[in-house]
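Inspection log for the structure reproduced underneath, given as structure tokens.
The values are calculated or read from the model by the stated rules, or taken from the named source; none is laboratory data. No experiment lies behind these values; they were computed from the predicted model shown. No Cβ is skipped: glycine too gets one built from the backbone with ideal geometry, and neighbour counts run over all protein chains shown.
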Amino acid sequence: MVEALASWLVTLLGVYSALGVVFAVAFVTRGVGRVDPAARQGTWGFRLLIVPGTVALWPLLARRWLGGVKAPPTEKNPHRSAAVRTP
């Protein structure tokens, strides 16, 4: 029972990673500049560095890319709110 569950989880992780690698190739070559305009001028070294994160976070990046997001969202937290209010 435990072996079957472990085998199923490893297979699931392998499928997730394979989909992530396929997505990363497309995202690094075309999508990163659409999701973040500052990354449009990114070198191939930069693009190579973001591949592991792209593989791991591909569902979130796919949603942003396919959703037409043009810039990263503004962070909203108490520190930023206090900085905006303080002269």
*When only residues in the stretch 55-76 that are part of a loop (DSSP other than H, G, I, E, B) and basic (Lys, Arg) count, which is farthest from Val25 (Cα to Cα)?*
Lys76
*Within the stretch 25-54, restricting attention to residues that are assigned to a helix (DSSP H, G or I) and of a type in the set (Gly, Ala, Ser), which residue is farthest from the chain's Cα centre (by Cα)?*
Gly45
*Any idea how many residues of the stretch 58-87 are in contact (Cβ under 8 Å) with a residue 24 or more places away in the chain and within 30 Å of Leu13 (Cβ to Cβ)?*
7
*Restricting the stretch 17-60 to residues that are among the charged types (D, E, K, R) and more than 15 Å from Pro72 (Cβ to Cβ), which is modelled with the lowest pLDDT?*
Arg30
*asked:* Looking only at the stretch 62-72, count every residue that is within 8 Å of the chain's Cα centre (by Cα) and within 11 Å of Asp36 (Cα to Cα) and tell me the total.
replied: 0
*May I ask you to verify whether Arg47 is under 29 Å from Gly14 (Cα atoms) and either touching a His at 6+ places or on another chain (Cβ under 7 Å) or surrounded by 12 or more Cβ atoms within 10 Å (Cβ to Cβ) (or both)?*
yes
